[in-house]
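Q: One structure coming up, written as structure tokens, with questions to follow.
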Amino acid sequence: MDDTTARDVLTAERDRLDGELRTESADEAARRDSLAEQGTAGEDFGDAGTDLAHTTEGEQAVDTIRRQRREVGEALDRLDRGEYGRCMVCGREIDDERLQARPETRTCREHAP
């Protein structure tokens, strides 16, 4: 993948993730506010468990989006340094098919986690 295409793809992905992060963060804050307003009066254990599960899922979603955003940012940094598209383990070129599927990837297929 050439540098211009890589930058376009990575920038678009970063912007998409920023939008998702804003949405998920707002949703998570609304869930917390709603739970705080409801309190626990009259709530059975099942409802409390469901609320906790939803809160945990929301927090995990935000964490996942932040991790993905960080990986995309790191890929843009590698692009700026002229290191993008090279495996961070062996230094070989990462094939275009892998970069198209995961433009933020740091490793070739052989060294994929």
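Q: How far is it, in nm, from the label point at D15 to the one at R92 when both lie 7 Å from their Cα along the line to the Cβ?
A: So the two model labels end up 3.5 nm from each other.
Q: Quick one: R102, R14, fewest Cβ neighbours within 10 Å first, how do they rank? Display every interim value, and only then the final one.
A: Working: R102 14, R14 18.
So the ranking, lowest neighbour count to highest, is R102, R14.
Rule-based calculations on the coordinates, nothing more; no lab input. Keep in mind that this is a model prediction, so the values were computed, not measured. Cβ sites come from the backbone with ideal geometry, for glycine too, and all protein chains shown count toward neighbours.
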